[in-house]
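Just below is one structure, and these are the notes that go with it.
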Amino acid sequence: RKEVEQDPGPFNVPEGATVAFNCTYSNSASQSFFWYRQDCRKEPKLLMSVYSSGNEDGRFTAQLNRASQYISLLIRDSKLSDSATYLCVVNESGGSYIPTFGRGTSLIVHP
Amino acid sequence: GAVVSQHPSWVICKSGTSVKIECRSLDFQATTMFWYRQFPKQSLMLMATSNEGSKATYEQGVEKDKFLINHASLTLSTLTVTSAHPEDSSFYICSAYDYSGANVLTFGAGSRLTVL
């Protein structure tokens, strides 16, 4: 199985800090990319899709680097409520999408 | 957006019993659903890919006779944990793609199984 790698962390940052996570993928034929957020004892929820041109949603910016096969997530002005595990999801394509998950990066934002 | 409903959200059972977990796509048809297991403080582990009208594809190391998957309709997949034991206690989550939409993977809320 193709791999998706993430630094598990935890990333421990103060409120207001800027933090960035990377996720590398091994399958160069991967088609689409997403960041999910998972809170403790809850299901993952879509945070944002990652487009080739990069995309921004408020304090969150996602970027894709196909040449180096990684995606990134930047969080500006961190809030306590941003504390969660951030999962990178990469879709391979073999007729239908097959999602491959990274193990997640844990973020802890402290006062 | 696409909604996946999973039931029950939590269940406690005695060792040796079987437990069925349902996963429904509420507003879209899901020809493929994915079943995951997650132990505390660990990552999601894909157990199997459920295919409507055909046999599920199990990941290496997952016993298909213990984790029975049935995907009899385009909106329903079930996972049955047979003869459950305490080591099967875990968080089970299903997910599905809405291929008619944005091809985003949507998760059910998960089922927390505790086997006594």
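Database remark: amide H of A:S32 closer than 5 angstrom to the amide H of A:N91 (H placed geometrically; neighbours at sequence offset of 5 or more, or on other chains; Pro and chain starts carry no H).
For B:L74, no residue whose modelled amide H falls within less than 5 Å of its own remains once neighbours fewer than 5 places apart on the same chain are excluded.
The separation of segment B:1-64 from segment A:28-104, counted between C-alpha centres, amounts to 22 Å. Simple spin-label estimate for B:T17 and A:E15 gives 4.5 nm between the two label positions (7 Å along the Cα-to-Cβ direction from each Cα).
3J(HN,Hα) along segment A:75-88, derived from phi through the Karplus expression 6.51 cos²θ - 1.76 cosθ + 1.60 where θ = phi - 60°, amounts to 10, 9, 6, 3, 10, 4, 6, 7, 4, 4, 9, 10, 9, 9 Hz, with x in place of Gly and Pro. For A:A84, the shell of other residues with beta-carbons less than 10 Å away shows a net charge of +1, using +1 for Lys and Arg and -1 for Asp and Glu. Which Cys residues of chain A have no other Cys Cβ less than 4.7 Å away and so no disulfide-compatible partner by this rule? Lone cysteines by the Cβ rule: A:C40.
The stretch between B:T31 and B:L116, if pulled fully straight at 0.36 nm per residue, gains 27.2 nm over its current Cα-Cα span. Whole-percent P(r), segment A:36-111, all Cα pairs, 10 Å bins from 0: 17, 48, 29, 5, 0. Amide H contacts of A:N27: A:E3, each under 5 Å away and 5 or more positions distant or on a separate chain (H built 1.01 Å from N in the peptide plane; Pro and chain starts excluded).
The calculated pair-distance distribution of chain B uses every alpha carbon pair, bins of 5 angstrom beginning at 0, and gives 2, 13, 23, 25, 20, 10, 4, 1, 0 percent. For B:H85 and A:S26, the FRET efficiency from 1/(1 + (r/R0)^6), where r spans their Cβ atoms and R0 equals 30 Å, is about 0.30.
Label-to-label distance, B:S73 versus A:D7, with points set 7 angstrom from Cα along the beta-carbon direction: 4.8 nm.
Can you give the local net charge around B:P8? Use residues other than it whose beta-carbon is closer than 13 angstrom to its beta-carbon, Lys and Arg +1, Asp and Glu -1. Charge balance near B:P8 sits at +2.
For segment A:52-65, 3J(HN,Hα) computed residue by residue from phi via the Karplus equation (6.51, -1.76, 1.60; θ = phi - 60°) reads 4, 8, x, 8, 10, 9, x, 7, 10, 10, 10, 9, 10, 10 Hz, glycine and proline entered as x.
Working note: Karplus 6.51/-1.76/1.60 with θ = phi - 60° gives segment B:27-36 the couplings 10, 7, 9, 10, 6, 10, 10, 10, 10, 10 Hz, where Gly and Pro are set to x.
Bear in mind that the values in this text are calculations on the coordinates, not laboratory data. Computed from a predicted structure; not experimentally measured. Don't worry about glycine lacking a Cβ; one is built from the backbone with ideal geometry, like all the others, and counts go over all protein chains shown.
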